[in-house]
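A short worksheet on the structure shown next.
Each reported figure results from applying straightforward, stated rules to the coordinates on display, with no laboratory input. Everything quoted here is computed from the prediction, not taken from an experiment. Backbone-built Cβ (ideal geometry, glycine too); neighbour counts: all protein chains shown.
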Amino acid sequence: MTTRLLIIADTHLPKRAKRLPSAVLAAAAEADLVIHAGDWVDTATLDLLDARSRRLVGVRGNNDGPELRDRLPEVARVRVEQLDIAVVHETGAAAGRERRADAAFPGTDVLVFGHSHIPWDTVSPAGMRLINPGSPTDRRRQPECTMMIAEVAGDDFSVELIPVDRTA
């Protein structure tokens with residue numbers, strides 16, 4: 001069996017964009033699991049993704065207000081096939097990130113995080129994969145907005161960074 005994931009973070013709606021791009025909504029409908037690593041900003045985005053997704057796992061971010069904080073955890077964990085996946089918004093500075101993640105999330109196979117709006121895909125000294133999808137609505141210092149599509153087959157994890165046209 002193969003499980004398809006849509007991984008996004010830092011949507012910042014409606015501050016950075018007026019709506020989720022159509023590519024994100026289409027990918028959410030096709031995914032077996034949607035992961036959002038925080039900074040939703042509005043509850044309408046959470047409700048929309050929840051309605052459009054087969055399964056949604058999300059966490060709160062530093063820009064999420066009280067209503068989102070009441071509905072979302074700081075850290076989420078999910079088992080997908082044979083992989084243990086943790087989701088958190090912020091991991092701190094890039095320098096030393098992998099070592100800090102190993103200490104904070106022992107036994108985790110994949111750590112999904114957001115906050116920086118900068119795509120990231122590395123492996124920690126303990127073998128944990130660290131993934132940041134960037135942002136589908138706010139490219140910040142990046143050349144384009146992005147999301148990730150991942151596939152899990154048993155304990156195999158593959159991921160692709162996908163450019164997103166935030167105006168479409």
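Please work out which residue is farthest from residue 83 (Cα to Cα), limiting yourself to the range 116-148 and to residues that are of a type in the set (A, V, I, L, M) and crowded, with 18+ Cβ neighbours inside 10 Å. Talk me through it step by step, then tell me what you get.
Step one: filter the range 116-148 for residues of a type in the set (A, V, I, L, M), giving 118, 123, 126, 128, 130-131, 147-148.
Pick out the ones that are also crowded, with 18+ Cβ neighbours inside 10 Å and you get 128, 130-131, 147-148.
Values: 128: 10, 130: 13, 131: 14, 147: 20, 148: 17 Å.
Checked the range 116-148; the qualifying residue farthest from residue 83 (Cα to Cα) is 147.
Here is a yes/no grid of residues against (1) acidic (Asp, Glu); (2) closer than 23 Å to residue 33 by Cα; (3) touching a strand residue (DSSP E or B) at 6+ places or on another chain (Cβ under 6 Å):
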| site | (1), (2), (3) |
| --- | --- |
| 61 | no, yes, no |
| 70 | yes, yes, no |
| 86 | no, yes, yes |
| 100 | no, no, no |
| 120 | no, yes, yes |
| 146 | no, yes, yes |
| Selection count where residues are small (Gly, Ala, Ser) and either surrounded by 19 or more Cβ atoms within 10 Å (Cβ to Cβ) or in contact with a Leu (Cβ under 9 Å, 6 or more places away or on another chain) (or both), scope the range 149-168 | 2
| message | I'm checking my understanding of the structure. Among residues of the range 11-32 that are small (Gly, Ala, Ser) and not in a helix (DSSP H, G or I), which one is surrounded by the most Cβ atoms within 10 Å (Cβ to Cβ)? | response | 31
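Which of the residues spanning the range 42-70 are part of a helix (DSSP H, G or I) and farther than 30 Å from residue 2 by Cβ? Before you say what the answer is, go through the steps one by one.
Within the range 42-70, the first condition is being part of a helix (DSSP H, G or I), and the residues that meet it are 43-52, 66-70.
Listed by number, the residues that qualify are 43, 44, 66, 67, 68, 69, 70.
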| field | Looking only at the range 79-115, and only at residues there that are under 20 Å from residue 47 (Cα atoms) and free of Cβ contacts under 8 Å to residues at least 60 places away in the same chain, the one that is surrounded by the fewest Cβ atoms within 10 Å (Cβ to Cβ) | value | 88
